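The values are calculated or read from the model by the stated rules, or taken from the named source; none is laboratory data. Every value quoted in this text rests on a predicted model; they were computed, and no experiment measured them. Here Cβ is always computed from backbone atoms with ideal geometry, including for glycine, and neighbour counts include all displayed protein chains. The accessibility values were calculated without ligands, DNA or RNA, using every heavy atom of the protein model including side chains. Shrake-Rupley method; radii C 1.70, N 1.55, O 1.52, S 1.80 Å.
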Amino acid sequence: MRRPRAFLMLILCAGLFVALIARLFHLQILCYQQFAEKARRKCLLLEVVVPRRGSITDRNRLPIAYDAATYDLAVVPARFDRLLRLFLRLRAVGVPDAERVFSLIPKGEGAAVICRVPERKLSYILRAPLNDGSLFALRCNKKVFLAATPELLSEARETLALAARLTGQSADKLMSRYGRFRQRIINCKNGYERRHLMSSPYVVAERIGRYAAMVVEAESWRLPGVCVVEKKRRRYAGEAFGTLTGYMRLINAEEAKKLRAERRIISRGYNPPSSYERIASADCYFWDEKVGAFRLEAALETRLRGRKGVRLLERDIEDGGYRILGEVRARQGEDVHLNIDADLQRAAYEALKKRGFRGAVVLVDPNNGAILAMASYPSFDPARITRPRYYREVMERGGLMERCGGACYLPGSTVKPLVAAAALAERLITAQTTINCRGYYRSKRAFRCWIYPNAHGPLNVAAAIERSCNVFFFEVAERLGGARLARWLARFGLGEKPADIPWSRRGFLPSPSNTHPWYRGYARLVAIGQGQLLVSPLQIARAMCAIATGRLPLLRLFRETPAHWRPLGIPQSVLDVVRYGMRLVVEGRHGTAHRTGLSAFCAAAKTGTAEVSKKRRLNHAWIAGFAPYDAPRVVFVVLVEKVRGHGGQVAGPVAADVLKAFFGERKRAER
């Protein structure tokens with residue numbers, strides 16, 4: 001009987017040994033790759049490196065839009081909230097009422113019983129960081145219960161209350177915000193992402209201030225798990241630059257959908273190590289990332305934002321350190337330098353704002369085409385524009401419109417110097433040619449002079465520019481004809497982009513080739529800046545540069561754009577006659593700008609009044625010119641929208657204020 005039993009035991013042992021060998025073969029050979037990859041994933045970490053966004057600066061390298069360091073109050077749940085760690089351990093061992101840990105309220109100095117736990121899992125539950133005596137087991141009738149001290153139950157709330165007192169925040173708001181994040185961790189199904197959330201700082205209060213940040217750092221020994229996170233936020237120079245710089249906004253749903261389809265959306269939290277190649281090869285975005293939404297911030301988005309870097313790290317189990325397995329360095333955003341002078345920009349904006357005028361001011365250096373100022377009013381504060389209420393207010397008053405290059409208007413009489421130069425260059429008139437103004441041209445019903453029922457009488461070209469006589473330029477337009485007039489205005493840059501600004505508009509230059517039907521009277525309307533002719537203030541500034549220097553520059557907003565000119569092909573003697581007429585506008589007794597204060601700067605100018613609503617008597621008021629007359633250093637253009645009054649009366653004082661700021665700045669610089 002003993003032999004069969006021994007034989008059966010031998011077979012049983014051999015079977016168990018074979019099963020063990022088979023299981024080992026399955027785990028070590030067949031499933032090696034699966035478990036090796038799982039173990040590797042646990043020790044790998046993917047870190048996304050966010051680049052600095054480039055700054056936008058003026059000609060003196062003063063920042064107009066830049067990233068500034070701000071300080072946020074944050075907590076690291078793994079070190080801050082031991083109750084959360086306890087809950088996760090209880091849930092992992094299958095305790096059904098684990099969530100009781102969050103509802104227990106400490107009473108007195110006695111310990112609070114949390115729940116019953118399996119004895120075999122007790123060592124796992126009570127390991128670090130919960131093995132300091134704040135958590136212990138109670139045995140009763142062969143049952144094991146878990147109990148916690150009042151200090152453990154109230155630790156997180158008391159720590160946040162202390163942090164709130166030190167930083168001047170509301171403790172209830174901090175706890176409410178952290179409570180939502182705690183619930184997010186509890187609901188997280190992905191173990192890798194949950195571990196990442198537990199070990200990453202979560203911001204509970206933003207912009208706490210530098211002093212408060214220093215206090216938190218100094219008191220860090222009393223605030224376990226609480227830290228200060230430095231974050232770069234976009235700052236702007238104010239309303240004067242709003243329509244120029246634009247603003248930042250969150251990626252919208254349509255953009256996020258497109259990026260997600262291209263697999264270019266990544267998480268600020270956990271990203272699986274397998275996505276290293278994808279992030280390294282593509283320009284990825286966070287789902288809650290801010291991008292440029294308007295003007296320069298939007299137009300230069302790819303240059304300013306740079307490109308994210310990524311590092312693949314492997315954790316050393318022994319010392320807890322990391323070594324880099326792979327890295328793609330972040331490309332920092334480029335700094336963009338403008339030709340704008342920040343002080344002149346503010347002065348131009350204030351000159352419009354203090355009078356409540358909707359309009360635009362442009363200042364240009366005629367010697368190199370650099371744009372020194374392009375202010376538009378009303379504007380907006382880029383730091384507040386993403387707030388819904390403020391955004392609605394800005395929209396109601398038209399504050400998003402950039403009026404210098406992004407809008408076109410009837411130019412009024414500011415084109416008359418260009419028409420005069422064209423007629424003189426074509427030798428249709430001379431400096432001595434006189435045309436009699438009777439207050440109207442051929443018929444009293446149409447094509448009247450602005451002075452009608454009065455009349456200017458006989459005028460030469462300089463006097464016609466001085467008094468802005470419509471009849472004189474009606475006759476000049478008849479002699480030039482529509483096609484030739486359009487060609488000459490195009491030579492002064494009308495009908496084409498005036499600057500290196502992405503959003504600058506071409507306007508519309510009517511001619512027989514693009515306007516059907518073309519009537520004979522259209523040329524007369526174009527010659528006085530009415531009809532279908534549309535220009536931007538930048539185009540008028542460019543034309544004034546051509547009058548002042550004899551060559552047509554490309555207006556340059558960016559310092560990196562090389563200076564470029566185009567010859568006008570007009571004799572100097574012709575330009576001298578036109579410039580003299582513009583000088584009389586300011587200095588002459590009958591000049592339309594002789595009471596504006598521009599004579600103090602030896603300026604030459606031309607006013608313009610473009611009729612917008614005859615019934616409401618509303619006009620666009622213009623003044624454009626250059627100063628000083630003998631050696632031009634600045635070209636100025638002022639536009640005021642829809643006002644009752646003419647260019648010299650309304651726009652002239654604004655130009656005088658801006659020139660005062662310009663020459664005042666130059667005197668201070670020379671000192």
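From the list A600, A624, the lone residue that is in contact (Cβ under 8 Å) with a residue 40 or more places away in the chain, buried (at least 22 other Cβ atoms within 10 Å of the Cβ) and among the aliphatic types (A, V, I, L, M) is A624. Reported count of residues in segment 518-540, each being at positive phi and surrounded by fewer than 24 Cβ atoms within 10 Å (Cβ to Cβ), is 1.
Among the residues making up segment 437-468, those that are touching a residue at least 24 places away in the same chain (Cβ under 8 Å), in contact with a helix residue (DSSP H, G or I) (Cβ under 8 Å, 6 or more places away or on another chain) and not in a helix (DSSP H, G or I) are C437, R438, G439, Y440, Y441, F447, W450, L459, S468.
Can you pull out every residue in segment 506-517 that is in contact (Cβ under 8 Å) with a residue 12 or more places away in the chain, surrounded by fewer than 18 Cβ atoms within 10 Å (Cβ to Cβ) and in contact with a Cys (Cβ under 9 Å, 6 or more places away or on another chain)? Result: F508, single match.
Give me the residue from segment 469-503 that is open to solvent by 10 Å² or more (accessible area, probe 1.4 Å) and assigned to a loop (DSSP other than H, G, I, E, B) and, out of that set, nearest to G412 (Cα to Cα). Ranking the candidates gives G495 first. Scanning segment 486-507 for residues that are hydrophobic (A, V, I, L, M, F, W, C) and under 24 Å from V578 (Cβ atoms) returns A486, W488, L489, A490, F492, L494, A499. Among what's in segment 104-143 and is open to solvent by 60 Å² or more (accessible area, probe 1.4 Å), farther than 23 Å from R79 by Cβ and in a loop (DSSP other than H, G, I, E, B), pick the residue that is modelled with the lowest pLDDT. Among those residues, the one meeting the criterion is G108.
Yes or no: A351 open to solvent by less than 60 Å² (accessible area, probe 1.4 Å), farther than 20 Å from A65 by Cα and among the aliphatic types (A, V, I, L, M)? It is true that A351 is open to solvent by less than 60 Å² (accessible area, probe 1.4 Å), farther than 20 Å from A65 by Cα and among the aliphatic types (A, V, I, L, M). Residues in segment 275-291 that are free of Cβ contacts under 8 Å to residues at least 12 places away in the same chain and polar (S, T, N, Q): S281 only. Applying a threshold of 6 Å to beta carbon distances and a minimum spacing of six or more residues, or different chains, the list of pairs starting in segment 574-594 at a residue that is free of Cβ contacts under 8 Å to residues at least 40 places away in the same chain and at positive phi and ending at one that is hydroxyl-bearing (S, T, Y) and in a helix (DSSP H, G or I) is empty.
Sort out which residues of segment 606-630 are farther than 21 Å from R644 by Cβ and either in a strand (DSSP E or B) or aliphatic (A, V, I, L, M) (or both), and write them in order of number. Correct list: G625, F626, A627. Can you tell me which residues in segment 49-73 are over 12 Å from K231 (Cβ atoms) and assigned to a strand (DSSP E or B)? Hits for segment 49-73 are V49, I56, T57, P63, I64, A65, Y66.
Looking only at segment 262-287, residues that are assigned to a helix (DSSP H, G or I), crowded, with 17+ Cβ neighbours inside 10 Å and among the hydrophobic types (A, V, I, L, M, F, W, C) come to 1 in all. Within segment 364-406, the set of residues being open to solvent by 10 Å² or more (accessible area, probe 1.4 Å), hydrophobic (A, V, I, L, M, F, W, C) and not in a helix (DSSP H, G or I) comprises A383, L400, M401.
Taking the conditions (1) open to solvent by 50 Å² or more (accessible area, probe 1.4 Å); (2) touching a Gly at 6+ places or on another chain (Cβ under 6 Å) in turn, R346 satisfies each one other than (2). Scan segment 199-223 residue by residue and report those that are within 28 Å of the chain's Cα centre (by Cα) and open to solvent by less than 60 Å² (accessible area, probe 1.4 Å). Within segment 199-223, Y202, V203, V204, A205, I208, G209, A213 meet the criteria.
The residue list A543, A548 contains one member that is touching a Gly at 6+ places or on another chain (Cβ under 7 Å), buried (at least 24 other Cβ atoms within 10 Å of the Cβ), assigned to a helix (DSSP H, G or I) and small (G, A, S), which is A543. One residue stands out among those in segment 144-160 that are open to solvent by 30 Å² or more (accessible area, probe 1.4 Å) and not basic (K, R): the one that is farthest from the chain's Cα centre (by Cα), which is F145. Looking only at segment 299-314, residues that are out of contact with any Pro (no Cβ under 7 Å at 6 or more places or on another chain), in a helix (DSSP H, G or I) and surrounded by fewer than 18 Cβ atoms within 10 Å (Cβ to Cβ) come to 3 in all.
Touching a Lys or Arg at 6+ places or on another chain (Cβ under 6 Å) and in a strand (DSSP E or B): does that describe E641? So E641 passes the test.
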